[in-house]
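One structure below.
The values are calculated or read from the model by the stated rules, or taken from the named source; none is laboratory data. Everything numeric here is computed off the predicted structure, so don't read it as measured data. Don't worry about glycine lacking a Cβ; one is built from the backbone with ideal geometry, like all the others, and counts go over all protein chains shown. Areas reflect the complete protein model, heavy atoms only, side chains present, ligands, DNA and RNA absent. Shrake-Rupley method; radii C 1.70, N 1.55, O 1.52, S 1.80 Å.
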Amino acid sequence: FSVTIAARYAVNAQFKLPKALLFANVNYASPANEKFNVSNRGAWGGEAGLGLGLGKTLITGTVGYQVFGMKVNNLGGDLQVIPLKAGIRQYVALGKVFFLGNVGTAFQSFDNTSNTRIKTNNFMWEGGVGVKLIGLELQGTYSGWQHPMGTIGNATMLNLKLGWSFKL
């Protein structure tokens, strides 16, 4: 009898139910490297995503939209970025604090003054930390990709994100 109870508890302790998470946030991105900061202002944007996993580890997928305003010395115009990312979110510290890492692509369109359109998509990466309290989520991340104007090179940015997440 005691062996049956012990076996039942051992199975329950090892088996974790799948988790699903839906999240959405608004964010502000500030250019972090000098050349990007000289050509563009910070960007307001938003993103939404889904996470699936077991225990404290989730595989995530995210899509977003951001517009980096042009500065006076930038003849290209506003830079519109649509990031499409996949990654991992690892919860620690009572399941409220998490680390995240994402990779994907940044679809970019850059309107310049001659009404021609520069469109590119480049590899994108992101890493950061977040905290979740009663559905409210706050994240700080650092990300980067290749800017569509070759003279700028890599565009890196600091992101502050605030939004909601719901377990499904």
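Below are the figures for this structure:
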| quantity | calculated |
| --- | --- |
| Residue in the stretch 83-100 that is over 15 Å from the mean Cα position of the chain (by Cα), at pLDDT below 90 and part of a strand (DSSP E or B) present | no |
| Residue satisfying all of: in the stretch 29-57; hydroxyl-bearing (S, T, Y) and touching a residue at least 60 places away in the same chain (Cβ under 8 Å); most open to solvent (accessible area, probe 1.4 Å) among these | S30 |
| Residue within the stretch 137-151 that is modelled with pLDDT of 85 or more, acidic (D, E) and under 15 Å from A29 (Cβ atoms) present | no |
| Condition met for N12 (modelled with pLDDT under 95 and touching a strand residue (DSSP E or B) at 6+ places or on another chain (Cβ under 7 Å)) | no |
| Matching residues, the stretch 140-162, being small (G, A, S) and either more than 14 Å from the chain's Cα centre (by Cα) or on the phi > 0 side of the Ramachandran plot (or both) | G150, G153, A155 |
| Answer from F98, F68 - the residue that is in contact with a helix residue (DSSP H, G or I) (Cβ under 9 Å, 6 or more places away or on another chain) and surrounded by 19 or more Cβ atoms within 10 Å (Cβ to Cβ) | F68 |
